[in-house]
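Please read the structure below before turning to the comments.
The values are calculated or read from the model by the stated rules, or taken from the named source; none is laboratory data. Please read all numbers here as calculations on a predicted model, not as lab measurements. With ideal geometry, Cβ positions are generated from the backbone for all residues, glycine too; neighbour counts draw on all protein chains shown. When the accessible area is computed, the model is the full protein with side chains, heavy atoms only, and any ligands, DNA or RNA have been set aside. Shrake-Rupley method; radii C 1.70, N 1.55, O 1.52, S 1.80 Å.
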Amino acid sequence: MFVTAIVLAAGSGSRLGSGVPKPLVLINSKPIFIYSLETLCQHPAIDKIIVVASDAFRQELCARIKQYRIRKVTQVVSGGRRRQDSVLNGLRAVEQKDGLVLIHDSARPFIDSKTISAVIKEASHSGAAIVAVAAKATIKEARVSRGKTRVLRTLDRSRLWEAQTPQVFSKELLVQAYKKFARASVTDDSMLAEKLGAVVSVVPGLYSNIKITTPDDVIVAEGFARHLRKMRSI
C-alpha cells in the first residue's frame, strides 16, 4: 500500500527561546527536523515525504534537506495558522487517490523504524492508528477559579495514554475528517478521526520519542542523540 508521510516543520519554537525556528535548532550539530526525516526516508514502507514549513524559513529547510540528501522529500509546502491547517496543506499535496497518510511532528526527532512499521501495519488493517505510551504519572483533573487551581478528581491512570506521532490514516478517512471538522479546535489528527466516528487503534511506542518544546527538552534530546550514536557504532 502506498504510504505518504507528512512531516510538520512549521513551528516557531518560541518556548525554546533559541532565536531560530524549532526545526532548525541543532541537536548535536544536526537540525531537529532532519532526524525524523532521515528515519522516514530510510524506511522501506515510506514512498514519499511532504514537508510542511513556514514561508519565513522555507528556503533554509530546503537547503538542509538537500544537504542531508533526504531523497524521498518530493514537496515542501507552506504551513498554516494552526497545526491542523498545516496538516491540511500537506494533505492537499498528496497526489495518490488512496493509500495511507502518515503524519509526524518534526519536533519528535527520535522515532524508530520498528514503531513506524507497527503503526503502518495497524493502520493498513484498521484505517486509523496512532503511536502512544501508557501514562506513568498520576494525572489530576483540576479547575481554575478565582485565581486558584483546585483538584476535581484523580483520573484512572490504567486507561490513560499519551499520544505521540506518527499517526497513520487511510487517505479517504483523513480527507473526510478534515472536510467535516477542519474548523474544530484539536491538538492532533486522531481527534478529527474520532469526531468522524472512526475507531482509532493504539500502537505502543517508546518513551524516548520525546517532543522538544522547552530548553530542558533540548538537553534531554542531546543525551538521547549521543546514546543512539554510540549504540550504532557498536
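Whenever you get a sec, compute what percent of the accessible area on the range 7-106 sits on carbon and sulfur atoms (1.4 Å probe).
Working: 2090 of 4640 Å².
Carbon-and-sulfur percentage of accessible area, whole number: 45.
So what is the relative contact order of the range 94-169, in percent, for Cα pairs below 8 Å that sit 6 or more residues apart?
Details: 103 pairs, mean separation 31.2, N = 76.
Once normalised by length, the contact order is 41 percent.
Place +1 on the Cβ of every Lys and Arg and -1 on the Cβ of every Asp and Glu in the range 178-234, take the dipole about the Cα centre, and give the residue among ALA182, VAL220, ILE210 whose Cα lies farthest towards its positive end.
ALA182
Given 10 °C and 1.306 mPa s, compute D for the range 88-199 with the Stokes-Einstein relation, Rh being the Kirkwood radius over Cα pairs; round to the nearest whole µm²/s.
Value of D from the Cα-based Kirkwood radius: 100 µm²/s.
Counting helices only, and only those DSSP H runs with n ≥ 4, report the 222 nm mean residue ellipticity of the chain as the sum of -39,500 (n - 2.57) divided by its residues, in deg cm²/dmol to the nearest 500. Display every interim value, and only then the final one.
Working: 7 runs with 82 residues, N = 234.
Only helices count here, giving -11000 deg cm²/dmol.
Across the range 53-67, in residue order, what do the Karplus-derived ³J(HN,Hα) couplings come to in whole Hz, using 6.51 cos²θ - 1.76 cosθ + 1.60 with θ = phi - 60° and x for Gly and Pro?
Each residue's phi maps through the Karplus curve to give 10, 6, 4, 5, 10, 4, 4, 5, 5, 4, 5, 6, 4, 5, 4 Hz.
Report, largest value first, the span of the C-alpha coordinates of the range 126-187 along each principal axis, in whole Å.
44, 27, 15
With both partners inside the chain, how many of the DSSP beta bridges are antiparallel, as a percent to the nearest 5? Provide the component values of the computation, followed by the final result.
Numbers: 18 of 39 bridges.
So the antiparallel bridges amount to about 45 percent of the total.
Hey, if you drop one equal point scatterer on each alpha-carbon of the chain and run the Debye formula without solvent, what base-10 log of I(q)/I(0) do you get at q = 0.13 Å⁻¹?
At q = 0.13 Å⁻¹ the computed log10 ratios are -0.80.
Rounded if a/c is under 1.5, else prolate if a/b is larger than b/c, else oblate: which is the range 148-234, with a ≥ b ≥ c the root eigenvalues of its Cα gyration tensor?
Details: a/c = 2.16, a/b = 1.41, b/c = 1.54.
Cα axes put the range 148-234 in the oblate bin.
By a straight-distance test (C-alpha under 23 Å), which lysines pair with LYS230 as possible cross-link partners, with residues fewer than eight away in the same chain excluded?
Straight-distance partners of LYS230: LYS30, LYS114, LYS211.
What spacing in nm lies between the two simple spin-label points modelled at THR138 and GLU60, each 7 Å away from Cα in the Cβ direction?
According to this spin-label approximation, the distance is 4.4 nm.
Beta carbons within 10 angstrom, averaged per residue: use that to sort the peptides 47-53, 197-203, 136-142, highest first.
Working: 47-53: 23.9, 197-203: 15.9, 136-142: 10.6.
Put in order of decreasing packing, that is 47-53, 197-203, 136-142.
Hey, what's the chain come to in accessible area per residue, 1.4 Å probe, Å²?
Working: 12780 Å² over 234 residues.
Accessible area per residue, the chain: 55 Å².
Using heavy-atom solvent-accessible surface (probe 1.4 Å) with all chains present, what is the largest-first order of MET231, MET1? Could the numbers behind the result be given before it?
Values: MET231 100, MET1 145 Å².
These residues rank, largest area first, as MET1, MET231.
Full extension from LEU206 to ARG69: what is 0.36 nm times the residue separation minus their Cα-Cα distance, to one decimal in nm? Provide the component values of the computation, followed by the final result.
Values: separation 137, 0.36 × 137 = 49.32 nm, distance 2.68 nm.
Using 0.36 nm per residue and subtracting the Cα-Cα distance, I get 46.6 nm.
Can you give the percent of C-alpha pairs in the range 37-102 whose distance is more than 21 Å? Walk me through the numbers on the way to the answer.
Numbers: 503 of 2145 pairs.
Cα-Cα pairs of the range 37-102 separated by over 21 Å account for 23 percent.
For the range 47-153, what is Rg from Cα atoms divided by 2.2 N^0.38 Å, rounded to two decimals?
Numbers: Rg = 18.6 Å, N = 107, 2.2 N^0.38 = 13.0 Å.
Rounded to two decimals, the normalised Rg is 1.43.
Check which residues have an amide H placed less than 5 Å from VAL77's amide H, if you skip close sequence neighbours.
Placed amide hydrogens put VAL51, VAL52, ALA53 under 5 Å from VAL77.
Kindly state, to the nearest 0.05, the FRET efficiency for GLU222 paired with ARG153, given R0 = 35 Å and r defined as their beta-carbon distance. Let's see the in-between values first.
On the way: r = 38 Å, r/R0 = 1.07.
With R0 = 35 Å, the Cβ-Cβ based efficiency is 0.40.
For Cα pairs less than 8 Å apart in space and 6+ apart in sequence, what is the mean separation divided by the residue count of the range 42-84, i.e. the relative contact order in percent? Show your work: numbers first, answer last.
Numbers: 35 pairs, mean separation 23.1, N = 43.
Contact order relative to length: 54 percent.
Provide the gained length on full extension for the span ALA184 to ARG146, in nm with one decimal, where the gain is 0.36 nm per separating residue minus the Cα-Cα distance. The partial results should precede the final answer.
Working: separation 38, 0.36 × 38 = 13.68 nm, distance 2.83 nm.
So the chain would gain 10.8 nm between ALA184 and ARG146.
If contacts are Cα pairs under 8 angstrom and at least 6 residues apart, what is the relative contact order of the chain in percent? Please report the intermediate quantities before stating the final value.
Working: 429 pairs, mean separation 52.1, N = 234.
With pairs under 8 Å counted, the relative contact order is 22 percent.
Only Lys, Arg, Asp and Glu count, each charged at its Cβ (+1, +1, -1, -1), so figure out the dipole size of the range 151-234 about its Cα centre, rounded to 20 debye.
Details: 13 positive and 9 negative charges, 27 e Å.
About 120 debye.
Once you charge only the Cβ atoms, +1 for Lys and Arg and -1 for Asp and Glu, what is the size of the charge dipole of the range 90-172 about its Cα centre, to the nearest 20 debye? Mind dumping the intermediate values first?
Working: 15 positive and 9 negative charges, 152 e Å.
So the dipole magnitude of the range 90-172 works out to roughly 720 debye.
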